[in-house]
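Okay, so here's the structure we're looking at.
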Amino acid sequence: LFLFNKCHFIKFVLSDVSEAFQFFDSQNARGKDLDPHDLLKAYHLREFGESEEQQKIKVISTWENMETNELVSLFGEYLFRVKSWSKGNSARFFTKNETDLFKGITMGKIENFPYTKPLRISHFYVDGYNQSNDRNIDLNPMEFPFQLDQTIINGRRFFEMITHYKTALYDYKSTIFNHPNLDTKAREIIYVLENYDGRFRTGDKYIRMMFDCALIYYIDKFGNIELSRAIEKFFIWAYSLRLRHQAVYLASVDNYVLYEINVFRQMKDATTPFTILSMNLPPVQNAIASKMGLSGNHETTSKGIKDLFTTLRYYYGQ
């Protein structure tokens, strides 16, 4: 009844696709905000080439089959934060004001600047390889070589990128505990992170997110090389913040990355894992932890973390 008695419906018919998307953008720039990923969907659909209509239908179907909460988490908790922190920018909330972070260049529209050459080579070589008749024999298609901090190719590649990192995130969460490359120490760290008493506190979830973002970024760049050492390094880096503070907020995590130790900026510039694995991380001292509030219930709920720090010789004093 509310719809029939209180609402008015207006139908707009536009014959030009570009005008339709422009109209969509302008209408959704006011009033109640759409989710940022919905605005990105509209933008990148507009950037498809004229010969990619069938591919557009396919990617729309794949996108629509993703759960909204899944897309919100993928963008807001992982992709946005890795890309922002690696640029040295704040990454607290992913809103429509940050969607430019996921817009790049459109093949066929961008000038042939020198910096676009590696992207052009990758883009067209992958397409040529996959369209070869040889793929009908070996059934071995090539995926575009996505990187979290690379310039985005608008249109089809954007949707492929989201599918790629959705799968990568799922693989990370489902396999990291039993990963065959992990040594005993790394397995113990993951076990503690999955089981210590305080892991469900809001602040601890923020810290776990920061740890996961760093490790996902590392794997994206260096694969499984020295993965156990990377887990130990990122554990000490991330959970030092937990031991130093009674309360941890999203702002605490954001400021820690930006103004204390930004491993994402270091990772972006690194050419080998050694750059990251050789980072000097200061130990947590008992006197500092006590001054910051590591006592009482906080001491109990963070005990597993503190014990690991002590074992790894990053927590001093009793």
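The values are calculated or read from the model by the stated rules, or taken from the named source; none is laboratory data. Keep in mind the model is a prediction, meaning the values are calculated, not measured. Cβ sites come from the backbone with ideal geometry, for glycine too, and all protein chains shown count toward neighbours. Each accessible area value is taken on the protein alone, full model and side chains, heavy atoms only, with ligands, DNA and RNA left out. Shrake-Rupley method; radii C 1.70, N 1.55, O 1.52, S 1.80 Å.
Some points to look at:
- Test result for Tyr165, at pLDDT 95 or above, open to solvent by 50 Å² or more (accessible area, probe 1.4 Å) and part of a helix (DSSP H, G or I): no
- When the range 86-140 is filtered for residues that are in contact (Cβ under 8 Å) with a residue 60 or more places away in the chain, in a helix (DSSP H, G or I) and touching a Ser or Thr at 6+ places or on another chain (Cβ under 9 Å), only Glu98 remains.
- Some residue of the range 254-262 being outside any helix (DSSP H, G or I), open to solvent by 10 Å² or more (accessible area, probe 1.4 Å) and either touching a strand residue (DSSP E or B) at 6+ places or on another chain (Cβ under 8 Å) or over 24 Å from Arg201 (Cα atoms) (or both): no
- Per the conditions (1) modelled with pLDDT of 95 or more; (2) touching a helix residue (DSSP H, G or I) at 6+ places or on another chain (Cβ under 6 Å); (3) within 22 Å of Lys173 (Cα to Cα), the sole criterion not satisfied by Val257 is (3).
- Whichever residue in the range 105-142 is farther than 25 Å from Trp85 by Cβ and within 23 Å of the chain's Cα centre (by Cα) and, among such residues, is surrounded by the fewest Cβ atoms within 10 Å (Cβ to Cβ): Met142
- Scanning the range 306-318 for residues that are modelled with pLDDT of 90 or more and touching a strand residue (DSSP E or B) at 6+ places or on another chain (Cβ under 9 Å) yields Lys306, Asp307, Leu308, Phe309, Thr310, Tyr314.
- Single condition Met210 does not satisfy, out of (1) surrounded by fewer than 17 Cβ atoms within 10 Å (Cβ to Cβ); (2) touching a residue at least 24 places away in the same chain (Cβ under 8 Å): (1)
- Search result, residues across the range 29-66 that are loosely packed, with under 13 Cβ neighbours inside 10 Å and either at pLDDT 90 or above or hydroxyl-bearing (Ser, Thr, Tyr) (or both): Ser51, Ser61
- Test for Leu71: is it closer than 17 Å to Leu148 by Cα, in contact (Cβ under 8 Å) with a residue 24 or more places away in the chain and surrounded by 10 or more Cβ atoms within 10 Å (Cβ to Cβ): yes
- Scan of the range 90-104 for residues that are buried (at least 17 other Cβ atoms within 10 Å of the Cβ) and among the small types (Gly, Ala, Ser), ordered by number: Ala91, Gly104
- Residue match in the range 192-209 (condition: in contact with a Pro (Cβ under 8 Å, 6 or more places away or on another chain) and either farther than 19 Å from Asp149 by Cβ or assigned to a helix (DSSP H, G or I) (or both)): no
- For the range 187-201, the candidate set comprises residues that are β-branched (Val, Ile, Thr) and open to solvent by less than 10 Å² (accessible area, probe 1.4 Å); within that set, the residue that is farthest from Leu243 (Cα to Cα) is Ile190.
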